[in-house]
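The values are calculated or read from the model by the stated rules, or taken from the named source; none is laboratory data. Here the structure is a predicted model, which is why all the values come from computation and not from measurement. For neighbour counting, all protein chains shown are included, and Cβ atoms are generated from backbone atoms with ideal geometry for every residue, glycine included.
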Amino acid sequence: MTETSERDVKLTCRHVWKVYGPQADGFFTDRDGDVPDPRGLVDRVRESGHIGAACDVSFDVHVGEIFIIMGLSGSGKSTIVRCLSRLVEPTAGEVILDGEDLLRVGKDQLIDIRRHKMGMVFQNFGLLPHLSVLENVAFPLQVQGVDKPTRVARAMEMIELVGLGGRETSYPRQLSGGQQQRVGIARSLAVEPGLWFLDEPFSALDPLIRRQMQDEFMRLQQLLHKTIVFITHDFLEALRLADRIAIMKDGRIVQIGTPAEVVMQPADDYVEEFTQDVPRVKVITAGDIMRPAGNGLDASAAVPAGATLERLMPRFGDGLGAVAVTNDSGTVVGEVTPQAVLAALASEHDEGSAP
């Protein structure tokens with residue numbers, strides 16, 4: 001997975017709470033949202049009969065990162081993504097986009113930010129049934145006041161990008177579920193957002209179409225390099241797409257890490273249960289287990305640092321003692337040996353054979 005620690009921060013969610021119930025602001029009146037004892041406050045919220053849908057949630061999202069928030073139904077993942085865009089008003093905290101706290105901006109400025117800096121895709125495609133594909137994709141540009149020739153050209157560009165060229169005159173009812181979701185994606189990209197929110201965008205699709213849409217999503221990301229907050233309850237989907245994963249339970253984040261970190265070093269029993277059926281060969285990457293490169297490596301047989309063990313292991317069938325590992329620019333940055341692969345998989349084997 002892509003290293004994120006050196007990237008600039010695009011979005012910061014800092015001590016965000018969403019409490020439902022009468023006079024919920026009263027929990028934060030004297031603290032201005034700065035809660036020194038969040039666990040104690042969670043207990044007080046629940047004892048009072050209020051609902052803490054998001055409780056002291058904090059994380060950073062880096063430029064160009066796919067940051068996935070996941071959890072079971074009711075864990076708070078959809079609530080927090082709506083708080084980030086203020087579709088749901090947080091009760092307390094800060095949401096900082098490009099250095100500006102979105103919770104302090106006025107209504108008109110917030111609307112302008114949503115129109116120009118954010119793209120949003122949700123599980124229900126939200127297409128306007130009386131508009132064609134072209135008109136649906138161009139609609140946010142029309143709302144912005146963009147002239148017709150410009151918005152039509154931009155919409156056609158996005159339609160081609162998502163593979164729907166030739167269907168621009170079709171209506172939503174004439175499209176499959178996967179095609180409708182592509183229209184939703186194209187529409188969200190038409191405004192060229194710097195930040196892209198996707199809330200379970202593929203969960204309503206059949207498994208085969210869902211897999212195809214995940215592939216399409218990754219293709220688009222390789223082209224566009226968007227900063228993405230992606231919500232899902234499907235751990236395998238998260239493993240395929242994420243740079244980092246945040247796992248939520250009862251409104252709180254219990255762990256943030258790369259897919260390999262979450263699988264290999266679960267923070268608690270809840271996370272471990274999430275990951276117990278995940279084959280490590282699909283998660284651990286060459287970059288996770290590489291060592292400094294030795295001399296005489298065959299660079300022509302190299303694998304990228306993000307290659308999983310599932311992809312890496314067949315290389316050893318060619319009799320290689322070590323496989324070179326490259327970074328995004330193709331430079332050799334390390335090597336992986338068969339012994340390192342066996343060591344990485346040993347704990348999974350031991351767990352699987354335990355009584």
Number of positions in segment 304-343 that are without any contact (Cβ under 8 Å) to a residue 24 or more places away in the chain and under 18 Å from Lys282 (Cβ atoms): 5
Number of positions in segment 37-66 that are crowded, with 22+ Cβ neighbours inside 10 Å and closer than 15 Å to Phe230 by Cβ: 3
Residues being over 25 Å from Val263 (Cα atoms) and surrounded by 12 or more Cβ atoms within 10 Å (Cβ to Cβ) - total across segment 282-301: 5
Qualifying residue in segment 283-291 (condition: touching a helix residue (DSSP H, G or I) at 6+ places or on another chain (Cβ under 9 Å), in the same structural domain as Phe202 (by TED's automatic domain parsing) and in a helix (DSSP H, G or I)): no
Yes/no for Ala299 being farther than 25 Å from Arg210 by Cα and outside the structural domain of Arg82 (by TED's automatic domain parsing): yes
Boolean, Val121 is touching a helix residue (DSSP H, G or I) at 6+ places or on another chain (Cβ under 6 Å), at pLDDT below 90, crowded, with 17+ Cβ neighbours inside 10 Å and assigned to a strand (DSSP E or B): yes
Flag for Gly251 being surrounded by fewer than 21 Cβ atoms within 10 Å (Cβ to Cβ) and small (Gly, Ala, Ser): no
In segment 143-164, the residues that are part of a loop (DSSP other than H, G, I, E, B) and more than 18 Å from Ser176 (Cα to Cα): Gly145, Val146, Asp147
Meets criteria (modelled with pLDDT of 90 or more, part of a strand (DSSP E or B) and more than 11 Å from the chain's Cα centre (by Cα)) for Ile247: yes
Cross-chain or 6+ apart pairs with Cβ under 6 Å, segment 198-212 first and at positive phi, then among the hydrophobic types (A, V, I, L, M, F, W, C) and not in a helix (DSSP H, G or I): Glu200/Ile231
Number of the condition not met by Val278 [criteria: (1) part of a helix (DSSP H, G or I); (2) modelled with pLDDT under 85; (3) closer than 30 Å to Ser75 by Cβ]: (1)
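Here's the yes/no breakdown for (1) at pLDDT below 90; (2) touching a Cys at 6+ places or on another chain (Cβ under 8 Å); (3) among the β-branched types (Val, Ile, Thr):
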position: Ser5; (1), (2), (3): yes, no, no
position: Thr79; (1), (2), (3): no, no, yes
position: Gly93; (1), (2), (3): no, yes, no
position: Leu102; (1), (2), (3): no, no, no
Filter pass, Leu198 being out of contact with any strand residue (DSSP E or B) (no Cβ under 9 Å at 6 or more places or on another chain) and either surrounded by fewer than 21 Cβ atoms within 10 Å (Cβ to Cβ) or among the hydrophobic types (A, V, I, L, M, F, W, C) (or both): no
From Glu273, Glu261, residue being surrounded by fewer than 17 Cβ atoms within 10 Å (Cβ to Cβ), under 21 Å from the mean Cα position of the chain (by Cα) and within 30 Å of Ala53 (Cα to Cα): Glu273
Residues within segment 165-176 that are assigned to a helix (DSSP H, G or I) and free of Cβ contacts under 8 Å to residues at least 40 places away in the same chain, tallied: 1
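Residue-wise test of (1) at pLDDT 95 or above; (2) part of a loop (DSSP other than H, G, I, E, B); (3) touching a His at 6+ places or on another chain (Cβ under 7 Å).
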residue	(1), (2), (3)
Pro22	no, yes, no
Pro36	no, yes, no
Gly40	no, no, no
Ser58	yes, no, yes
Val61	yes, no, no
Ile69	yes, no, no
Ser73	no, yes, yes
Selected residue (only one of Met158, Met218 is at pLDDT 90 or above and surrounded by fewer than 16 Cβ atoms within 10 Å (Cβ to Cβ)): Met218
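On the given criteria, is Asp98 surrounded by fewer than 17 Cβ atoms within 10 Å (Cβ to Cβ), of a type in the set (Asp, Glu) and more than 30 Å from Gln181 (Cβ to Cβ)?
Considered against the rule, which asks whether it is surrounded by fewer than 17 Cβ atoms within 10 Å (Cβ to Cβ), of a type in the set (Asp, Glu) and more than 30 Å from Gln181 (Cβ to Cβ), Asp98 comes out as no.
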